[in-house]
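Here is the structure we will look at, set down as structure tokens.
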Amino acid sequence: MARNPERRTTLLDAAVQVLADEGARGLTFRAVDTRAGVPTGTSSNYFRDRDQMLSQVADRIFARLTPAPEDIDAALLPPPSRALVVELMRQAAQRLAADRSCYLGLFELRLEAVRRPELRTQLTRVLRSDLDLNVRLHTGSGMPGDADTVRLLYFALTGLLFDHFTVPDLHGDRDLDELIETVVTRIVPGE
């Protein structure tokens, strides 16, 4: 297997884009090579098979979507409150919308995980790690609510963004920020 980490990252980013644009069925070594602008056969030098590539795409998506530690620290500087939770949820939605390909790629990975146990295991590990981090940050910073509050916010934001990316007119003229505020107000206990 090839060892150039920059090339591997380029290939994984291309794979994310292929997933977002063409779905899991379109994710082939040839499609990734073409999207990455590398010679045909390059991807097969970096990934032993499609399953390995899919598993590594899951890691790459979360590397791209996770804010830097210093950004997390700065976001948690204001006093804990429901209003801060609204703001943090809006920032998360904006970050995910800014990298739409990653989020659409993640949806494709979730569907593919239904049929691929190895991918399901990897994706579960990555998603659980992300959710656990969010629970620790929320409860550790003194935000209102508990671990279940974070889980409900996670479910709600996942669903809102799924709708926002796939059927944006579903909620009529309701703005995503407005929907996020409604969700947080209904889920997060008052101060």
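The values are calculated or read from the model by the stated rules, or taken from the named source; none is laboratory data. Everything numeric here is computed off the predicted structure, so don't read it as measured data. Cβ placement follows ideal geometry from the backbone for every residue including glycine, while neighbour counts extend to all protein chains displayed. Surface areas here come from the heavy atoms of the whole protein model, side chains and all, with no ligands, DNA or RNA. Shrake-Rupley method; radii C 1.70, N 1.55, O 1.52, S 1.80 Å.
Find the residue count for region 166-191, including only residues that are closer than 20 Å to Arg82 by Cα and part of a helix (DSSP H, G or I).
Of the residues in region 166-191, 12 are closer than 20 Å to Arg82 by Cα and part of a helix (DSSP H, G or I).
Mind checking which residues of region 166-191 are open to solvent by less than 30 Å² (accessible area, probe 1.4 Å) and over 25 Å from Phe107 (Cα atoms)?
Val188 - this is the single residue of region 166-191 that is open to solvent by less than 30 Å² (accessible area, probe 1.4 Å) and over 25 Å from Phe107 (Cα atoms).
From the set of residues in region 116-165 that are among the small types (Gly, Ala, Ser) and in a loop (DSSP other than H, G, I, E, B), which is surrounded by the fewest Cβ atoms within 10 Å (Cβ to Cβ)?
Restricting to residues being among the small types (Gly, Ala, Ser) and in a loop (DSSP other than H, G, I, E, B), the top hit is Gly142.
Can you run down the residue pairs with Cβ atoms below 6 Å, 6 or more apart or on separate chains, where the first is in region 166-191 and more than 17 Å from Leu96 (Cβ to Cβ) and the partner is open to solvent by 80 Å² or more (accessible area, probe 1.4 Å) and modelled with pLDDT of 95 or more?
Ile187/Leu152
Go through region 98-115 and report how many residues are open to solvent by less than 40 Å² (accessible area, probe 1.4 Å), under 19 Å from Phe155 (Cα atoms) and touching a residue at least 24 places away in the same chain (Cβ under 8 Å).
7
Only helices (runs of 4 or more DSSP H) wholly contained in region 57-114 count here; list those with 3 or more residues that are under 21 Å from His164 (Cβ atoms) and not acidic (Asp, Glu).
Per the criteria, 82-98, 100-113.
Can you pull out every residue in region 42-67 that is open to solvent by less than 50 Å² (accessible area, probe 1.4 Å), farther than 19 Å from Glu118 by Cα and at pLDDT below 95?
Selection gives Leu65, Pro67.
Under 9 Å by Cβ, and 6 or more places apart or on different chains, what pairs join a residue from region 16-34 that is on the phi > 0 side of the Ramachandran plot with one that is open to solvent by 60 Å² or more (accessible area, probe 1.4 Å) and assigned to a helix (DSSP H, G or I)?
So the pair list comes out as Gly23/Leu111.
Please count how many residues of region 1-15 are over 14 Å from Asp51 (Cα atoms), in a helix (DSSP H, G or I) and either touching a helix residue (DSSP H, G or I) at 6+ places or on another chain (Cβ under 8 Å) or among the β-branched types (Val, Ile, Thr) (or both).
Qualifying residue count for the region: 7.
Please go through region 24-41 and give me each residue that is assigned to a helix (DSSP H, G or I), surrounded by fewer than 18 Cβ atoms within 10 Å (Cβ to Cβ) and not polar (S, T, N, Q), ordered by number.
If the condition is that a residue be assigned to a helix (DSSP H, G or I), surrounded by fewer than 18 Cβ atoms within 10 Å (Cβ to Cβ) and not polar (S, T, N, Q), then Arg25, Gly26, Arg30 are the ones that fit.
Within the set of pairs 6 or more residues apart or between chains, which connect a residue that is in contact (Cβ under 8 Å) with a residue 24 or more places away in the chain inside region 70-86 to a residue that is part of a loop (DSSP other than H, G, I, E, B) and acidic (Asp, Glu) with Cβ atoms less than 7 Å apart?
Short answer, once both residue conditions are applied: Ser81/Glu191; Arg82/Glu191.
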